[in-house]
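Novice: Okay, here's the structure, questions in a sec.
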Amino acid sequence: QVQLVESGGGLVQPGGSLRLSCAASGDMFSLYTMSWYRQAPGKQREFVAVVSSDGVTNYSDSVKGRFTISRDNAKNTVLLQMNTLKPADTAVYYCKSRRYQYVYWGQGTQVTVPS
């Protein structure tokens with residue numbers, strides 16, 4: 001069982017930055033693929049970024065070049081650095097861990113970028 005707790009969300013003006021953090025409990029964190037997803041009001045949850053167990057990253061086209069995902073296996077933490085934020089980035093951001101068929105989600109953290 002893995003528990004994920006996100007933090008770092010808030011209200012930020014367009015063009016600003018935020019850093020989200022996801023703290024994971026449990027063993028073998030380094031073996032999990034860690035991802036960030038987001039869900040805006042009235043929309044489906046969508047993929048944002050992923051970092052594999054060996055550090056390979058990938059991003060959605062909408063955030064590529066602005067967001068950076070990283071992981072600290074010593075601290076059981078995955079980060080999402082978000083720069084040049086836009087109103088379209090407003091959403092609840094969720095952390096997800098996956099290893100084989102074992103998938104876990106955090107409770108989400110709200111990011112609001114007013115227009």
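Novice: Defining a contact as two alpha carbons under 8 Å apart and six or more residues distant in sequence, what relative contact order in percent does the range 56-115 show?
Specialist: Answer for the range 56-115 is 26 percent.
Novice: Now for a separate question. Excluding ligands, DNA and RNA, what is the solvent-accessible area per residue of the chain at a probe of 1.4 Å, expressed in Å²?
Specialist: Per-residue value: 54 Å².
Novice: Roll a 1.4 angstrom probe over the protein heavy atoms and tell me the percent of accessible area of the range 23-115 that is carbon or sulfur.
Specialist: Here carbon and sulfur together make up 49 percent of the probe-accessible area.
Novice: What figure, in Å² to the nearest 10, do you get for the accessible area of residue 79 with a 1.4 Å probe and non-protein molecules left out?
Specialist: Residue 79 has an accessible surface of roughly 40 Å² with all protein chains in place.
Novice: Take residue 7 and residue 100, extend 7 Å from each Cα along the Cα→Cβ direction, and tell me the distance between the two endpoints in nm.
Specialist: Output for this residue pair reads 3.2 nm.
Novice: Okay, next question. Using R₀ = 35 Å, calculate the FRET efficiency as 1/(1 + (r/R₀)^6) where r is the Cβ-Cβ separation of residue 30 and residue 88; round to 0.05.
Specialist: 0.60
Novice: Further question: Want the number for residue 40 to residue 75: 0.36 nm per residue separation, take away the alpha-carbon distance, what's left?
Specialist: 9.7 nm
The values are calculated or read from the model by the stated rules, or taken from the named source; none is laboratory data. Treat the numbers as computed from the prediction; the structure is a model and nothing was measured. Here the Cβ is made from the backbone with ideal geometry for all residues, glycine too, and neighbour counts use every protein chain on show. Note: accessible area is taken over every heavy atom of the protein model, side chains too, but ligands, DNA and RNA are not part of it. Shrake-Rupley method; radii C 1.70, N 1.55, O 1.52, S 1.80 Å.
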